[in-house]
Amino acid sequence: MLKKSFKLISPILFFILFSCEGDPVNVSSDLGIASPVKLESSDTTVVILEDYFLDKADVLGVNLPEGWTFEFSDQKDSLLIYSKNTRGQLFNIRFETVGGSMDVLSIGSIKKPVRLSLADDNYSVVKLKGEMTNWNLVEGSLEDGNWNFEFLLNPNAFQYLFVTDGKELLDPTNELQADNGSGGVNSLLDLRPSKVELADYPVLQTSHYAGANVFINVSGSQEGLEYFPYLDNLFLDYEVEDSILSVKLPTVHGKTKLRVFAKNKSGLSNDIMVPVHDGKILRDPEALGLTDYEAQVMYFTLVDRFYNGNPSNDEPLDDPRLYDKANYQGGDIAGITEKIRSGYFNDLGINSIWLSPITQNPVGAFQEYIEPQNFYSGYHGYWPISSSKIDHRFGTDEEMYELIRVAHKNDIAILLDYVCNHVHEQHPIIKNNPSYATGFMLEDGRRNLRLWDEQRLTTWFDEFLPSLDLENPQVVDLQVDSTMYWIQKFDLDGFRHDATKHIPLDFWRKLTRRLKEDRVSKGKKVYQIGETYGSRDLVNSYIGSGLLDSQFDFNLYFDSRSSFALQEPSMQVVADALEQSLSYYGHHNTMGYMTGNHDQARFISYAGGALRMDEDPRAAGFEREVGVGDPIAYRKLQLMTAFYLSIPGVPTIFYGDEIGIPGANDPDNRDMMIFDELDQKQLETKAMTSKMVNLRRNSMSLIYGDTRIVDSGDDYIILERRYFDEISYCIFNKGVSSKTFSIKTDNNTRSMTFVRQISAGEKLIQNEAQVTLSLEPWSFEIIQSK
């Protein structure tokens, strides 16, 4: 029997010495739980103190393990950590402050150097684009007959293509390929560890608790194994005996979270998160509130297309150039309030509503510059001409106040979609200050239009939509002030931030700083979720203390959309994508996992074959009526929705996906919401969505459970979510025939009784060795321990 204990003993060596025995240690910060410091692959990591503290002057000293070199910057606003090798490192940083001490986990980079090469064939120039370059073109170097490309990459999978003299080319030396989500394939660089290697990685799993003592099962190699348990921002003492980690919770009043991390010689573990109320493990999901973001189920309403609650403000444009679906349809703020009152969202299980932008948009139609140069109105809200006025076609200040009041009365959070990146040309900010826009013409004579990745921080969305120069301090102050105006006036619960990746990090840092000063430090938490199409590295760079809470995970969305809609690619692609997202964002992230959104064609039309992956989805919506197609698409939609409701994060339902509204891309995907005269398939889909959402909301294992992929194959995936003795097995079958699944039980689950939650009357066979059930084609089941 091996037993050892650990207490965090602060070394005496500080950059400045300030603490003495008996100083208070902060369990919670006024700014919430500190996200881990991400150590850079380079020699120096810069930790910006105001990301973690309201006043950087409160930081008196810092405490790092022996062997690490550090110093404060000359301005005393940053901590500089030096190391020649941060790979795979995990350690605690203890900050000594005027209020006591605060502990922050530090996670080392696991990137490694990689070279890709293409044999020369008399090319003039060879470039590469892929997920590792955010799909920007990078030029290779010609050496010894090969065009070489050097990268520093995480051990994950990356799609890419060579571009030889302007022509795209798959890597001829790499047989691995991946679906590109548009009916084609890209080459795939797979740096992920093998199953044999992964078997040595540490795996943490909640086991049981007795009073204040919490026990965590640990598997994997014991070599170099270290543990890092925290209660909010307090590093906890622990003991280890026979591969069981035990920690004792201090008696702390209020809501806190236990988090546990580990590492060994092979790599990093998954992370554990357990909510703790008044020093006790939380078991009742009804005790979770609107600021327990892991428990959110979000619903995205496009205001103009949801429900018309006040016909007196209807003002569609009288313009024959406008396609009907590109005009105002009459939805408004009062309509959303009415549906909250009616119980629509409560019945569905929704506790968070994301509103599309409501600021004043222009009165008139504008022509898109790209072919076929269609005309659009600003019904969607993303063309602001005011930073402080509600669009008169959506409602009034009084109606917005009423929406917030009614939502909060019904325990529903309200997030506002706010546009900081650009304005419409009629906006006073740009009419009075043309220099506040980024450059429209590039040095090479091209127009800076929709160069999403090449000119990521400056590109315009259209000729009449100038992007703002958010590296100009005056512009930054104006946009931060305007964002703060909305949350101060209407007591919002958070923001969905449009076009996140097109805005410099310093802007998000300044906005988040203001939110902390004005709201968070006064007990009013604010949830911020961003929109970034790009690699997981780019997405993750905007997340953390001092930045955003999360972003929507488009990488997992695109992989799962293809796999759930079609017979190919396989469900193994979904399993791999989920593993990658968990490794990047954590096993208890608050990323958004959506059934669809306003910029993507409706999933159900892909799933039913009414829309092809390899066609232009926007053109299709103008050329023909895009419906559902094969009715099996409803089963596929239910399957994908249930998957998002079974994984960590914030499942997000795009309005209409709960009933299967079809459509091609914008604006065809933005039909008016349907509430009445639903057909049988729509009613079944809505009932299944409601059933699954409410199961999620009432299961601690589906909210905070440890996540493990039990098994996956071409047409199935099995997940385990475990929260102590509450266990959920989530089984998804996209096969074209019925399939029988057997799940092996272990010492902890052998004595448990499991029940089917979705098809309660269907057969479930259980013995000491396994649990067995059958699933119909394109169906799923959640079985839970009683």
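Of the helices (runs of 4 or more DSSP H) lying entirely inside the range 497-607, those carrying at least 2 residues that are under 18 Å from the mean Cα position of the chain (by Cα) and in contact (Cβ under 8 Å) with a residue 12 or more places away in the chain are 505-518, 536-540, 554-565, 571-585.
Among the residues of the range 103-139, those that are under 30 Å from Ser583 (Cα atoms), in a loop (DSSP other than H, G, I, E, B) and not hydroxyl-bearing (Ser, Thr, Tyr) comprise Gly108, Ile110, Lys111, Asn134, Trp135, Asn136, Leu137. Could you tell me whether Asp391 is open to solvent by 20 Å² or more (accessible area, probe 1.4 Å) and either closer than 22 Å to Phe495 by Cβ or within 26 Å of the chain's Cα centre (by Cα) (or both)? No: the conditions fail for Asp391. Residues in the range 429-462 that are closer than 21 Å to Leu511 by Cβ and more than 28 Å from the chain's Cα centre (by Cα): Ile429, Ile430, Asn433, Tyr436, Ala437, Thr438. The residue list Ser29, Ser35 contains one member that is open to solvent by less than 50 Å² (accessible area, probe 1.4 Å), at pLDDT 90 or above, out of contact with any Pro (no Cβ under 8 Å at 6 or more places or on another chain) and part of a loop (DSSP other than H, G, I, E, B), which is Ser35.
Among the residues of the range 704-727, those identified as of a type outside the set (D, E, K, R) and farther than 22 Å from Pro202 by Cα are Gly713, Tyr716, Ile717. Among the criteria (1) charged (D, E, K, R); (2) open to solvent by 20 Å² or more (accessible area, probe 1.4 Å); (3) closer than 27 Å to Leu153 by Cβ, the one Asp51 does not fulfil is (2). Of all residues in the range 361-386, those satisfying the criterion of being surrounded by 23 or more Cβ atoms within 10 Å (Cβ to Cβ) and of a type outside the set (Gly, Ala, Ser) are Asn361, Tyr379, Trp383, Pro384.
Listed here are the residues, each with its yes/no results for (1) open to solvent by less than 70 Å² (accessible area, probe 1.4 Å); (2) in contact (Cβ under 8 Å) with a residue 24 or more places away in the chain.
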position: Arg115; (1), (2): no, yes
position: Asn136; (1), (2): yes, yes
position: Glu143; (1), (2): no, no
position: Tyr209; (1), (2): no, yes
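Would you check if Glu315 is acidic (Asp, Glu) and under 30 Å from Asp706 (Cβ atoms)? No, not satisfied. Do we find a residue being over 26 Å from the mean Cα position of the chain (by Cα) and either crowded, with 17+ Cβ neighbours inside 10 Å or within 24 Å of Gly621 (Cβ to Cβ) (or both) anywhere in the range 346-353? For the range 346-353, residues over 26 Å from the mean Cα position of the chain (by Cα) and either crowded, with 17+ Cβ neighbours inside 10 Å or within 24 Å of Gly621 (Cβ to Cβ) (or both): absent.
Could you name every one of the strands (runs of 3 or more DSSP E) located completely within the range 632-733 that has at least 2 residues being touching a residue at least 24 places away in the same chain (Cβ under 8 Å), surrounded by fewer than 20 Cβ atoms within 10 Å (Cβ to Cβ) and β-branched (Val, Ile, Thr)? Quick ask: steps written out before the conclusion?
Working: elements: 650-654, 706-712, 716-723, 726-733.
By residue number, 706-712.
Could you check, for the range 62-85, whether at least one of its residues is open to solvent by 60 Å² or more (accessible area, probe 1.4 Å), on the phi < 0 side of the Ramachandran plot and in contact with a helix residue (DSSP H, G or I) (Cβ under 7 Å, 6 or more places away or on another chain)? Scanning the range 62-85, I find no residue that is open to solvent by 60 Å² or more (accessible area, probe 1.4 Å), on the phi < 0 side of the Ramachandran plot and in contact with a helix residue (DSSP H, G or I) (Cβ under 7 Å, 6 or more places away or on another chain), so the answer is no. Do we have Phe261 as within 21 Å of Asp725 (Cα to Cα) and under 27 Å from the mean Cα position of the chain (by Cα) here? So Phe261 fits the description; yes. Residues of the range 66-98 that are of a type outside the set (A, V, I, L, M, F, W, C) and without any contact (Cβ under 8 Å) to a residue 40 or more places away in the chain: Gly67, Thr69, Ser73, Asp74, Gln75, Lys76, Asp77, Ser78, Tyr82, Asn85.
Of the strands (runs of 3 or more DSSP E) lying entirely inside the range 735-776, those carrying at least 3 residues that are more than 31 Å from the chain's Cα centre (by Cα), without any contact (Cβ under 8 Å) to a residue 60 or more places away in the chain and closer than 27 Å to Gln567 by Cα are 739-744, 770-775.
When Leu189 is tested against the conditions (1) surrounded by fewer than 21 Cβ atoms within 10 Å (Cβ to Cβ); (2) in contact with a helix residue (DSSP H, G or I) (Cβ under 8 Å, 6 or more places away or on another chain); (3) more than 19 Å from Leu268 (Cβ to Cβ); (4) not charged (D, E, K, R), the lone failure is (1).
The values are calculated or read from the model by the stated rules, or taken from the named source; none is laboratory data. This structure is a prediction, so every number in the text was calculated from the model and none was measured. Quick reminder, even Gly has a Cβ in these numbers, built from the backbone with ideal geometry, and neighbours come from all protein chains shown. Areas reflect the complete protein model, heavy atoms only, side chains present, ligands, DNA and RNA absent. Shrake-Rupley method; radii C 1.70, N 1.55, O 1.52, S 1.80 Å.
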